[in-house]
2 protein chains.
Amino acid sequence: MDKQLHEFLQKQREVIEQKLPTYLERLQAPETLKESMLYSLHAGGKRIRPALLLATLHSFGKPTEAGLDVACAIEMIHTYSLIHDDLPAMDDDDMRRGKPTNHKIYGDAVAILAGDALLTFSFELVAGSEKGELTPEQKLRIVAEIAKASGPEGMVGGQVADIEGENRQLTLEELTYIHHHKTGDLLTSAIVSGAIIAGADREDTECLRLFAKELGLLFQIKDDILDVEGDAAMIGKPVGSDHDNNKSTYPSLLGMDGAKREIEAHKRKAKEYLYKVKMDHKLLDAFTDYVADRDH
Amino acid sequence: MDKQLHEFLQKQREVIEQKLPTYLERLQAPETLKESMLYSLHAGGKRIRPALLLATLHSFGKPTEAGLDVACAIEMIHTYSLIHDDLPAMDDDDMRRGKPTNHKIYGDAVAILAGDALLTFSFELVAGSEKGELTPEQKLRIVAEIAKASGPEGMVGGQVADIEGENRQLTLEELTYIHHHKTGDLLTSAIVSGAIIAGADREDTECLRLFAKELGLLFQIKDDILDVEGDAAMIGKPVGSDHDNNKSTYPSLLGMDGAKREIEAHKRKAKEYLYKVKMDHKLLDAFTDYVADRDH
């Protein structure tokens, strides 16, 4: 990974992980609920979405501090989605990132409610943000952006399509729909929120939206390829597990060569959109290379 | 019930029930998800929260149309909370209002996601409302108000406290905490949102907040009393079911006479706050009487 990008991601991850619990500590709420919310917020991960928001701000030459509340709100939405996905009624996962999942510790009822609380609180956090002198218009655009990205037309819609597509062969169109919405939309809303906070004009904001959509797909296609080719120790799950689970993937639909050609095509498109934006492209350019070329 | 109030509630209920599905029909989302969301939105109920929002607007002499989006958003949040409450992991209810609960029809996974989607979409609806020329400031205040009322410090917090208090004797303070948050906060946010939309000043808005808190408690104490004394056919559940379920209630903690004295005390306080507000009090006054004096 590019050295400047590596340092940026590492530093912002620290800032985000330090900030995240502070919002919850001051809440007047039952201790069990706060503990359960904090447990999953602390569970780690790459903090890609908030980092992308802050990277966008940085690339516009703005202080990242201005986006910290919104970045954390988006990470809370991501966290809620993982808690609900792991439930017995959904993927029924006992472990995530080497730790028991939320419902294994707190029970299904509290896990559902902790997810609900994280989702709901994220909107309170955006609406009440006093960072960076955001105007009410900006905050409202961000609320609308994030809500659409995580609601029925976004993440939740993608999740339902994913459940409905289980155990049958998907078309490429169906697979792309699922990825666009299940994972791409929230990631896109992070980058677009960064643009809104930076005060980018509509043209730049829409170019970044298109860039982010390509980046999201790039992520997913690369994940599918790594699942077949990667080193189990590096990617953190057994190689070939998608194949064993009878899951439709890009390599299974396009063949390995076809999937790799898609990587190149989406990387090229992502960069085309990125280069049109009136900002310093270096960080997001390096990020795009990292997503396409990583080995885990 | 007062005739003017009866006519108002009946008319607004029709308006709300006609409007609610229109938001979902135009969504680009998987059909199963939309169906599941619509199923529970159609399931009826008294539509008390949206009606109170519209009644508040009306009492300030404003057109109710201006609050219709926000009223429907709050009803969606109420609906999501019922879907999640009914899940096997929570209350495990098979029936609600004479119809199978959401998860009995669509399965637990889709029911969880339909709840998530209704909650998330409600914020999109408020942020994007074009009714009544709401300013971004007003919409943002409403987002913050509703999010706080339904999040960890509000409804979800009350629900966790309720779960934790099951099968043990609660103190009056604990019982009041649960009711304030589990049911009172969202009802309060409806009335406060009405005040914000009407452009009420801070003083009136805060008086209405205090009024609404009293009204919410009044509702709950009366429900507890009706559970002991009411006519099973009228209240729609077996009389005494709270007692059989070993649930802490106002009559069980204060005795029946004590609970009835609480009704009078909270009714008096509610009206004291209400009469301070610069509005036509008639509708909300009649509503308060209805809540305190109803027989089902």
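The values are calculated or read from the model by the stated rules, or taken from the named source; none is laboratory data. Being a predicted model, the structure only gives us computed values, none of them experimental. Here the Cβ positions follow ideal geometry from the backbone for every residue, glycine too, while neighbour counts run over all protein chains shown. What goes into the accessible areas is simple: the full protein's heavy atoms, side chains included, and nothing from ligands, DNA or RNA. Shrake-Rupley method; radii C 1.70, N 1.55, O 1.52, S 1.80 Å.
Values for this structure:
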{"quantity": "Residue check for residue A:144: under 22 Å from the mean Cα position of the chain (by Cα), in a helix (DSSP H, G or I) and buried (at least 21 other Cβ atoms within 10 Å of the Cβ)", "calculated": "no"}
{"quantity": "Subset tally (residues that are over 29 Å from residue A:53 (Cα atoms) and open to solvent by less than 30 Å² (accessible area, probe 1.4 Å)) for the range A:76-88", "calculated": "0"}
{"quantity": "Scan of the range B:43-60 for residues that are out of contact with any Asp or Glu (no Cβ under 7 Å at 6 or more places or on another chain), of a type outside the set (A, V, I, L, M, F, W, C) and modelled with pLDDT of 95 or more, ordered by number", "calculated": "B:56, B:58"}
{"quantity": "Filter result (within 8 Å of chain B (Cβ to nearest Cβ), among the small types (Gly, Ala, Ser) and surrounded by fewer than 20 Cβ atoms within 10 Å (Cβ to Cβ)) within the range A:89-108", "calculated": "A:107"}
{"quantity": "Test for residue B:69: is it farther than 21 Å from residue B:131 by Cβ and either in a loop (DSSP other than H, G, I, E, B) or among the acidic types (Asp, Glu) (or both)", "calculated": "no"}
{"quantity": "Options B:41, B:82, B:52: the member that is aliphatic (A, V, I, L, M), within 19 Å of residue B:198 (Cα to Cα) and touching a residue at least 40 places away in the same chain (Cβ under 8 Å)", "calculated": "B:52"}
{"quantity": "Restricting the range A:147-158 to residues that are open to solvent by less than 10 Å² (accessible area, probe 1.4 Å) and at the interface with another protein chain (Cβ under 7 Å from one of its Cβ atoms), the residue that is nearest to residue A:77 (Cα to Cα)", "calculated": "A:150"}
{"quantity": "Only one of B:9, B:38, B:27 that is within 14 Å of another protein chain (Cβ to nearest Cβ), modelled with pLDDT of 95 or more and either crowded, with 19+ Cβ neighbours inside 10 Å or assigned to a loop (DSSP other than H, G, I, E, B) (or both)", "calculated": "B:27"}
{"quantity": "Number of the condition not met by residue A:135 [criteria: (1) facing chain B (nearest Cβ under 8 Å); (2) open to solvent by less than 40 Å² (accessible area, probe 1.4 Å); (3) among the polar types (S, T, N, Q)]", "calculated": "(2)"}
{"quantity": "Failed criterion for residue A:49 (all others in (1) more than 10 Å from every other protein chain (Cβ to nearest Cβ); (2) not in a helix (DSSP H, G or I) hold)", "calculated": "(2)"}
